[in-house]
1. Please list, ordered by first then second residue, the pairs with beta carbon atoms under 7 Å, 6 or more apart or interchain, first in segment 199-214 and in contact (Cβ under 8 Å) with a residue 24 or more places away in the chain, second exposed (fewer than 14 other Cβ atoms within 10 Å of the Cβ) and not in a loop (DSSP other than H, G, I, E, B).
2. Residues ILE49, ILE8: which one is touching a Ser or Thr at 6+ places or on another chain (Cβ under 8 Å) and farther than 30 Å from GLY144 by Cβ?
3. Just checking, which of ALA178, ALA142 is part of a loop (DSSP other than H, G, I, E, B), among the aliphatic types (A, V, I, L, M) and modelled with pLDDT of 95 or more?
4. Can you pull out the residues in segment 21-59 that are of a type in the set (Gly, Ala, Ser), within 17 Å of the chain's Cα centre (by Cα) and surrounded by 24 or more Cβ atoms within 10 Å (Cβ to Cβ)?
5. In segment 233-273, how many residues are closer than 23 Å to PRO181 by Cβ, of a type outside the set (Val, Ile, Thr) and part of a helix (DSSP H, G or I)?
6. Quick one: in segment 191-204, which of the residues that are part of a loop (DSSP other than H, G, I, E, B) and surrounded by fewer than 16 Cβ atoms within 10 Å (Cβ to Cβ) is nearest to the chain's Cα centre (by Cα)?
7. With the checklist (1) in contact with a Gly (Cβ under 7 Å, 6 or more places away or on another chain); (2) surrounded by 21 or more Cβ atoms within 10 Å (Cβ to Cβ) in hand, flag the one item PRO17 doesn't pass.
Amino acid sequence: MPEVRSAIVVGGGIAGPVTAVALGKVGIESTVYEAYETTADGIGGTLSIAPNGLDALAAAGLGGVVEPVGTPVTAMVMRNGRGRRLARLGAPAGLPDQLLVWRPELYRALHDAAVAHGVRVEYGKRLAAIEQDDIPDGADAAGGVTAVFTDGSRARADVLVGADGIRSTVRSLIDPAAPSPRYVGLLGLGARLSTGPVDPARIGPTGQEMHFVFGKRAFFGYVLADDGAGGWFANLPRATPMTMSEARAVGADEWMRVLREAFADDRLRAVDLIDRTDPGELVVVGGMEDIPTVPTWHRGRVVLVGDAAHATSPSSGQGASLAIESAVQLARCLRDLPHPQAFAAYEALRRDRVERIIKMAQRTNSDKAAGPVARVLRDLMMPVAMKVMNPESFAWPMRHHIDWSAPVAAVGGPAAGDPAPVAARTA
């Protein structure tokens, strides 16, 4: 029986509902508190759930939840703006296909699954403060934590989990010196496409492949079915950051003009898909961001998961999957250890892995924003590198498996089924 019996989960995006379900599986009753008044229906573009994310969902008891809203992707094809194929990365042997999902559909699937598992979700609960009992950090003693919301309401539980994203309020409350998100030099936009004309000579169907185009001025990714349905995203290099609200204030029509100009000189006709896009369907993300490292993952009875602890830029293709993994590992640790040791073990299991993937995404961001000389070198070297490199060098993030049944040991004594933990940096 776990020492922790109840949890407050702040944030109702991806990490929050999965955390609540995983905690419920180990006997910890959780309530999710979401700052916004409603669910995120209709908001957001595409993201991928990698095989490791699917594996972690199954460990939490959520296997099969996202498959109905996902499109399998069997390979990723890289081209330059002239249409030349630079590389193709197939699915790693023995693993399920990654899934391409639309963010609002993923939110809805996870929300509905959490409710079906008995998780209570409260909306319009924006966190203002956290009050912890006056117990020394790390002490294993009776106590609790209280969340204070801006509407004056309060909630109390044994622990509080900050699953509130890259601009986490929880992170700043447990560490006022915590780093802020870092702009990576790219703006993100995208859209869903309905059926329409397809000219294979200009930009053809992709089947179950995801195609990425390193254009002359910007980066373009797309999937396109035979009937013309699909979706695309663009990453525009920009020296100065732009918030989501600033980017949306520009207006869809102006962004469509900017996108046409960015891809006008590319032989591979991304502009065909842009021209087919309804401006009302344009998703404007604004500046893409990450946080290379978060020094403090937990303090007292409060702990971070997902982007609150380890925000990677979208270029990793792993943000959602890493959040799901962390939710599951946190539940395992709280199942087997008192909360101070559980939080330390959780951080030890996760930190090296997530920070390594964040660094990988940084290199991808550099390729997307390459200048004239770097573009030439990239186009020359990428095909050669893909031929000589072991495919498994790209597959290791996706092969991560969480053995739910394996016991978790305190830091210093690795449990069966898990890699030996690195030294944890406790709060």
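The values are calculated or read from the model by the stated rules, or taken from the named source; none is laboratory data. Because the structure is predicted, anything quoted here is derived from the model rather than measured. FYI the Cβ positions are ideal-geometry reconstructions off the backbone, even for glycines, and counts take in every protein chain you see.
1. Close Cβ pairs (under 7 Å, with a partner that is exposed (fewer than 14 other Cβ atoms within 10 Å of the Cβ) and not in a loop (DSSP other than H, G, I, E, B)) amount to GLN208/PRO72.
2. Numbers: ILE8 fails: farther than 30 Å from GLY144 by Cβ.
ILE49 is the lone residue from the list that is touching a Ser or Thr at 6+ places or on another chain (Cβ under 8 Å) and farther than 30 Å from GLY144 by Cβ.
3. Values: ALA142 fails: modelled with pLDDT of 95 or more.
On inspection, the qualifying residue turns out to be ALA178.
4. First, pick out the residues of segment 21-59 that are of a type in the set (Gly, Ala, Ser): 22, 24, 27, 30, 35, 40, 42, 44-45, 48, 50, 53, 56, 58-59.
Next cut, within 17 Å of the chain's Cα centre (by Cα) only: 40, 44-45, 48, 50, 53, 56.
ALA50, GLY53, ALA56 - these are the residues of segment 21-59 that are of a type in the set (Gly, Ala, Ser), within 17 Å of the chain's Cα centre (by Cα) and surrounded by 24 or more Cβ atoms within 10 Å (Cβ to Cβ).
5. Selection size over segment 233-273: 7.
6. Filtering segment 191-204 for residues part of a loop (DSSP other than H, G, I, E, B) gives 194-198, 204.
With surrounded by fewer than 16 Cβ atoms within 10 Å (Cβ to Cβ) added as a condition, the list becomes 194-197, 204.
Details: SER194: 26, THR195: 28, GLY196: 30, PRO197: 33, GLY204: 29 Å.
In this case the residue turns out to be SER194.
7. The single condition PRO17 does not satisfy is (1).
One line per residue, one yes/no per condition, for (1) closer than 30 Å to ARG79 by Cβ; (2) in contact with a Ser or Thr (Cβ under 9 Å, 6 or more places away or on another chain); (3) at pLDDT below 85; (4) of a type in the set (Phe, Trp, Tyr):
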| position | (1), (2), (3), (4) |
| --- | --- |
| TYR346 | no, yes, no, yes |
| MET381 | yes, no, yes, no |
| TRP396 | yes, no, no, yes |
| HIS400 | yes, yes, no, no |
